Amino acid sequence: MTTKYDVKRRLKQCYSPKNTDWELVDIPELRFLAVDGHGDPNTSDAYRHAVEALYAVAYTTKFASKGDLGKDFVVGPLEGLWWADDMDDFLARRKDNWRWKMLITVPDWITGGMIEDARDTALAKKNLPAIADVRSETLHEGTSAQVLHIGSYDDETPILTRLHHDYLPAHNLREAGMHHEIYLSDPRRTDPAKLRTILRQPVEAQSG
C-alpha cells in the first residue's frame, strides 16, 4: 500500500518544528493553492469564503490525484502571508487594514493545469464563488527565521517584537519576504492557550 504524501512528515523542519524560540531553517520551493484578500480575518466574510474555497479546491485536487494518478496526499495545513500597507497597522494589530494571502501546499507532482481543473470541478459542484479566485502559486522562501508559537494568535506580539528588535539585529539579518503563519490547530476546537502556530519570516544578510 502506497503511503500518502504528508508535508508535515516529509518536511519536518518546515512543518513540525519543536523550537519555541527563533531558529533559522532553509525552506525549499513549494507549490500552493492561493487566494488573496484583505480585512479582519475574525469578521471578514471574504476571509471565511477564501478559506472555504481553498479547502474545496484542495480536496478536489486530492481526489483527482488519487483517482487519475494513483497518488494520494494529506491536505496540508492552512497557511497565510500577512502584511499591511502601513507596517504600523500590522504591528498594532489593526486588522481591518491587514492584507493576506491564504495558502494550502500541494505536492510537487500537482501541476497548474490540475489545479485549474480541480477549481473548475469544485466551482461546478459548490456554491462558493470565491473558488474562482483560487490559483496555483510557487514560493521559495529560502533562509527563514522560524518558531513554534503556542497560544492565542493575539499573543504573538512579544515573540514577533523579539524577532525584529533582538534576533534579526543580533544575527545581522533583515526581512526578505512576508510574515508567514502556518496553523497546526483548528481554532474551532482548540483552547486559544493551546493553539500551535508556526511563525516564519524569510530573511537575508544585512548589507554593509
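The values are calculated or read from the model by the stated rules, or taken from the named source; none is laboratory data. Keep in mind it's a predicted model, so treat the numbers as computed, not measured. Every residue, glycine among them, receives a Cβ derived from its backbone with ideal geometry; neighbour counts consider all protein chains shown. When the accessible area is computed, the model is the full protein with side chains, heavy atoms only, and any ligands, DNA or RNA have been set aside. Shrake-Rupley method; radii C 1.70, N 1.55, O 1.52, S 1.80 Å.
With 28 Å as the limit, write out which pairs from Lys8/Lys66; Lys62/Lys95; Lys95/Lys125 have Cα-Cα distances beyond it, or answer none. Distance filter (> 28 Å) returns Lys62/Lys95; Lys95/Lys125. Stretching the chain fully between Ala92 and Ala64 yields a gain of 5.8 nm (0.36 nm per residue, less the alpha carbon separation).
For the chain, the longest principal axis of the Cα atoms and the long axis of helix 112-125 meet at an angle of about 70 degrees.
Per-residue Karplus couplings for the range 74-88, computed as 6.51 cos²θ - 1.76 cosθ + 1.60 with θ equal to phi - 60°, are listed in order as 7, 4, x, x, 5, 10, x, 9, 10, 7, 8, 4, 10, 4, 4 Hz, Gly and Pro entered as x. Looking at the chain, the accessible area is 53 square angstrom per residue; that uses a 1.4 Å probe and ignores ligands, DNA and RNA.
Simple point charges give the picture: +1 on the Cβ of Lys and Arg, -1 on the Cβ of Asp and Glu, and for the chain a dipole about the Cα centre of about 900 debye. Computed from Cα positions, the angle between helix 45-64 and the longest principal axis of the chain comes to roughly 50 degrees.
Basic side chains Lys and Arg get +1 at the Cβ, acidic Asp and Glu get -1 at the Cβ, and with that the dipole of the range 103-208 about its Cα centre reaches some 280 debye.
Carbon and sulfur: what percent of the chain's accessible surface (1.4 Å probe)? So the carbon and sulfur contribution to the accessible surface is 49 percent.
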